[in-house]
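K.L.:
Below you'll find the structure I mean.
The values are calculated or read from the model by the stated rules, or taken from the named source; none is laboratory data. As the structure is a prediction and not an experimental result, all values here were calculated from the model. Methodologically, a virtual Cβ is constructed for each residue, glycine included, from the backbone with ideal geometry; neighbour enumeration extends over all protein chains shown.
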Amino acid sequence: MRRSDKYRFYVILGVLVVLQFSARRWLGGDRVAPDFLLLALLIYTIRARPGPSAGAGFVVGLVRDALTPASFGAGALAHTLVAYLASWSKAVFFAENLFVNGCLFFAGTWCRNLAVAVASGKLKGGMLGWELLVWSPIQSLTTAVAGVLVLWLVGRRIAVRLSDA
Amino acid sequence: MALGADRYASRADTLVFVGCVLLSGAAMSLPGRLRDPLARALRDTVLAPFLSLQQQIERLSASLARYDAVVAQRDSASLVATFLPELRGENARLRSLLGLGTRLGTGYVPAEVLREPEPTSPLTFIVSAGKKQGVKPLSAVVSPEGLVGIVSTVDQQTSLVVTWAHPEFRASAMAADGSVYGIVAPHGSEGPRVWLLELEGVAYRQLVPNGTLILTSGLGGVMPRGIPVGVVVGVAGEAEGWERTYLLRPAVHPAAVTHVMILSGTPSRGDLRSVFESSGEAP
């Protein structure tokens, strides 16, 4: 990877983090708007090895847990799992193309929500069902769409290879 | 960075992963007295700029919402100011309608005109009074200015009014001094003289000067006598030297009416001329 690509890559990740705290409120309710922070993490896992991905997931999750102390640690665990599995499974199973990456974003978001819900133990019964069967799929979809757009717009500039696997 | 076999998890990757999972578990099991300060420290350091950004965005959004509210209020005020003359006019009409009701005493039903946004609205319209209010078919419908039309169909709560502009409308009429009698009908719906009435069947030898007030005559027992219909504005035509037709400027334009009074038991009411003359609204 060229140095300029490396900078662009981290700039894009930074932009996504900023979007998480700025533009997200205009993209629908909290439960349906795309999760740009998780998207940044998943895009990072596309290029990183599973170990650093897990570390990044832990940090992102812990930072998010600071905003929701009631389930402190659950986010760290969920993001660690999702980041590690995303990075590992991309290397093992997935081809590099836009649709597959979209599916990865969708599955990653949904699995993250599942892991947080289960690990925190705060959601049970109907609430858990609604969260996993209604809200999470919607959020996963919006996140996947946002991720596909990002990769489609800047994927080549940040040396994320698409459709050439 | 190429993807390939080097992306499979190595032992180091697995160790990092296990370490992160263990740390996550430790974080989950932290007691509140340790967990809360840690979370607060993260919010005050790493997350501080982002939370500040989020706060600014919230303020910006709230400002935009307030701006929209202010613009909406300004638009509403402008709209109210636009309709002010119309509201004053409607108020005056309602006051005159009340005055007419007082003079009529009993035997009338007040009603609102329920308009439909259609081009044919001035020809027929619905009023908010029906059988329950005592409205009967063929009752005269008036406003303080004069005759509006006649009730065609009566429902339980509403009635259909055929205005004088309807092609099938006819009313027996006379000059205010009773010297001339004829039949009033709409002049037509095309050309420059649209929305005028005509007084038909006036004997050729009887001249009706312009400005003559035409009232209902009460002949036929449908309309009461003395309701203003319009004012003569000219001759519309002559027929073979034995009758003349005069053009009338209507006392009321149906499109401008918002409230009406439906006269009930009107044939026995007698002459209503004094009622409308007192209102000072007769043309």
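The rows are residues; the columns are (1) in contact with a Ser or Thr (Cβ under 6 Å, 6 or more places away or on another chain); (2) farther than 30 Å from A:Thr45 by Cβ; (3) within 14 Å of chain A (Cβ to nearest Cβ); (4) of a type in the set (A, V, I, L, M, F, W, C).
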residue: B:Gly25; (1), (2), (3), (4): no, no, yes, no
residue: B:Ala39; (1), (2), (3), (4): no, no, yes, yes
residue: B:Phe50; (1), (2), (3), (4): no, no, yes, yes
residue: B:Arg74; (1), (2), (3), (4): no, yes, no, no
residue: B:Ala92; (1), (2), (3), (4): no, yes, no, yes
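K.L.:
Then there's this: Which of the residues that make up segment B:241-260 are in contact (Cβ under 8 Å) with a residue 40 or more places away in the chain and more than 34 Å from the chain's Cα centre (by Cα)?
P.N.:
B:Glu243, B:Arg244, B:Thr245
K.L.:
Would you mind telling me which numbered condition in (1) farther than 30 Å from B:Ala256 by Cα; (2) of a type in the set (Asp, Glu); (3) at pLDDT 75 or above B:Asp75 fails?
P.N.:
(1)
K.L.:
In segment A:65-77, how many residues are under 12 Å from A:Leu38 (Cβ atoms) and either within 8 Å of chain B (Cβ to nearest Cβ) or surrounded by fewer than 24 Cβ atoms within 10 Å (Cβ to Cβ) (or both)?
P.N.:
Qualifying residue count for the region: 0.
K.L.:
Considering only segment A:129-142, I want to know if a residue exists there that is more than 14 Å from every other protein chain (Cβ to nearest Cβ), at pLDDT 75 or above, over 14 Å from the mean Cα position of the chain (by Cα) and surrounded by 17 or more Cβ atoms within 10 Å (Cβ to Cβ).
P.N.:
yes
K.L.:
When the residues of segment A:1-55 are filtered to those that are assigned to a helix (DSSP H, G or I) and among the β-branched types (Val, Ile, Thr), which remaining residue is nearest to A:Val145 (Cα to Cα)?
P.N.:
In this case the residue turns out to be A:Ile43.
K.L.:
OK, next. When both residues are 6+ apart or on different chains and their Cβ atoms are under 7 Å apart, which pairs have a first residue that lies in segment B:212-240 and is over 24 Å from B:Leu100 (Cβ atoms), and a second that is of a type outside the set (Phe, Trp, Tyr) and not in a strand (DSSP E or B)?
P.N.:
B:Val233/B:Asn210; B:Gly234/B:Asn210; B:Ala236/B:His187
K.L.:
May I pose another question? Filter segment B:37-69 down to the residues that are in a helix (DSSP H, G or I) and surrounded by 14 or more Cβ atoms within 10 Å (Cβ to Cβ) and list them by number.
P.N.:
Selection gives B:Leu38, B:Ala39, B:Leu42, B:Arg43, B:Phe50, B:Leu51, B:Leu53, B:Gln54, B:Ile57.
K.L.:
Sticking with this one: Tell me the residue from A:Asn113, A:Asn97 that is more than 11 Å from chain B (Cβ to nearest Cβ) and either more than 13 Å from the chain's Cα centre (by Cα) or of a type in the set (A, V, I, L, M, F, W, C) (or both), please.
P.N.:
On inspection, the qualifying residue turns out to be A:Asn97.
Condition check ((1) within 24 Å of A:Ile138 (Cβ to Cβ); (2) in contact (Cβ under 8 Å) with a residue 12 or more places away in the chain) across all residues:
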residue: A:Gly28; (1), (2): yes, yes
residue: A:Leu37; (1), (2): yes, yes
residue: A:Leu42; (1), (2): yes, yes
residue: A:Pro50; (1), (2): no, yes
residue: A:Ser53; (1), (2): no, yes
residue: A:Phe58; (1), (2): no, yes
residue: A:Leu62; (1), (2): no, yes
residue: A:Ala66; (1), (2): no, no
